[in-house]
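Student: Here it is, the structure, as structure tokens.
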Amino acid sequence: MPSPLPPGFRMPPAAQLAWLMADPTGFYEAGRRRFGPVFTVRYPGLPPEVCVATAELAEEVFATDGGPGRAGEMRRAFIGPLVGEQSLLCLDGEAWWRHRRLVSPPLHGRAVAAWADRVAAIAAAEA
């Protein structure tokens, strides 16, 4: 028997999607404020999505990808078309570890900190 889903918004899935599209940050912040660090959202035609709102919980979720979990498989159905079937978000097991080792160095804290000026310049140009 599957585990029950965490609490989430009661509004229809189409309304949740409309809110998300109009104000993504506000949508997720409202979920965190109302339901805590773990909550469920529903979008039309997709399975329920459980959101985590802390870095520690996100780390736990992504750590399951390299082990016996099936987090990548579960995400593949709804985000695969958006990010690609071979995205780190859609993989599990050895494939996940192989991709993780490839992307880790450029995402290390020092590497990211070195991009601060460039990111700020791009953001300013786009704004």
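Student: Of all residues in segment 9-38, how many are over 15 Å from the mean Cα position of the chain (by Cα) and either outside any helix (DSSP H, G or I) or aliphatic (A, V, I, L, M) (or both)?
Tutor: Here is the first cut: in segment 9-38, the ones over 15 Å from the mean Cα position of the chain (by Cα) are 9-19, 21-23, 26, 30, 33-36.
Next, only the ones that are either outside any helix (DSSP H, G or I) or aliphatic (A, V, I, L, M) (or both) stay: 9-12, 14-15, 17-18, 21-23, 30, 36.
Looking only at that region, the number is 13.
Student: Test LEU82 against the stated conditions and say whether it is among the aliphatic types (A, V, I, L, M), open to solvent by 90 Å² or more (accessible area, probe 1.4 Å) and within 28 Å of MET21 (Cβ to Cβ).
Tutor: When the stated conditions are applied, LEU82 passes them.
Student: Can you list the helices (runs of 4 or more DSSP H) lying wholly within segment 54-127 that have 2 or more residues being under 24 Å from PRO6 (Cβ atoms) and among the small types (Gly, Ala, Ser)? Quick ask: steps written out before the conclusion?
Tutor: Numbers: elements: 55-63, 71-83, 93-107, 109-114, 116-126.
Per the criteria, 55-63, 71-83.
Student: On to the next question. Considering (1) surrounded by fewer than 11 Cβ atoms within 10 Å (Cβ to Cβ); (2) at pLDDT 80 or above; (3) of a type outside the set (Gly, Ala, Ser), say which one PRO105 fails and leave the rest.
Tutor: (2)
Student: Then there is this: Kindly indicate whether LEU88 is at pLDDT 85 or above, aliphatic (A, V, I, L, M) and open to solvent by 40 Å² or more (accessible area, probe 1.4 Å).
Tutor: Numbers: at pLDDT 85 or above: no; aliphatic (A, V, I, L, M): yes; open to solvent by 40 Å² or more (accessible area, probe 1.4 Å): yes.
Spelling it out, it is not the case that LEU88 is at pLDDT 85 or above, aliphatic (A, V, I, L, M) and open to solvent by 40 Å² or more (accessible area, probe 1.4 Å).
Student: Kindly establish whether GLY36 is modelled with pLDDT of 95 or more, open to solvent by less than 90 Å² (accessible area, probe 1.4 Å), on the phi > 0 side of the Ramachandran plot and of a type in the set (Gly, Ala, Ser).
Tutor: Values: modelled with pLDDT of 95 or more: yes; open to solvent by less than 90 Å² (accessible area, probe 1.4 Å): yes; on the phi > 0 side of the Ramachandran plot: yes; of a type in the set (Gly, Ala, Ser): yes.
Yes, satisfied.
Student: Just one of the numbered conditions (1) open to solvent by less than 80 Å² (accessible area, probe 1.4 Å); (2) farther than 17 Å from ARG100 by Cβ; (3) not in a strand (DSSP E or B) is not true of VAL50; which one?
Tutor: (3)
Student: Identify, from the list ARG76, ARG100, the residue that is touching an Asp or Glu at 6+ places or on another chain (Cβ under 7 Å) and open to solvent by 60 Å² or more (accessible area, probe 1.4 Å). Give the steps one after another, and end with the answer.
Tutor: On the way: ARG100 fails: touching an Asp or Glu at 6+ places or on another chain (Cβ under 7 Å).
From the options ARG76, ARG100, the qualifying one is ARG76.
Student: Restricting to segment 1-27, give me the number of residues that are open to solvent by less than 80 Å² (accessible area, probe 1.4 Å), within 16 Å of CYS51 (Cβ to Cβ) and without any contact (Cβ under 8 Å) to a residue 40 or more places away in the chain.
Tutor: 12
Student: Right, PRO44: loosely packed, with under 15 Cβ neighbours inside 10 Å, on the phi < 0 side of the Ramachandran plot and in contact with a strand residue (DSSP E or B) (Cβ under 8 Å, 6 or more places away or on another chain) or not?
Tutor: Details: loosely packed, with under 15 Cβ neighbours inside 10 Å: yes; on the phi < 0 side of the Ramachandran plot: yes; in contact with a strand residue (DSSP E or B) (Cβ under 8 Å, 6 or more places away or on another chain): no.
No, not satisfied.
The values are calculated or read from the model by the stated rules, or taken from the named source; none is laboratory data. Since the model is a prediction, treat every value here as computed from it, not as a measurement. As a convention, Cβ positions derive from the backbone with ideal geometry for all residues, glycine included, and neighbour counts pool all protein chains shown. Please note that ligands, DNA and RNA were not included when accessible areas were found on the heavy atoms of the full protein model with its side chains. Shrake-Rupley method; radii C 1.70, N 1.55, O 1.52, S 1.80 Å.
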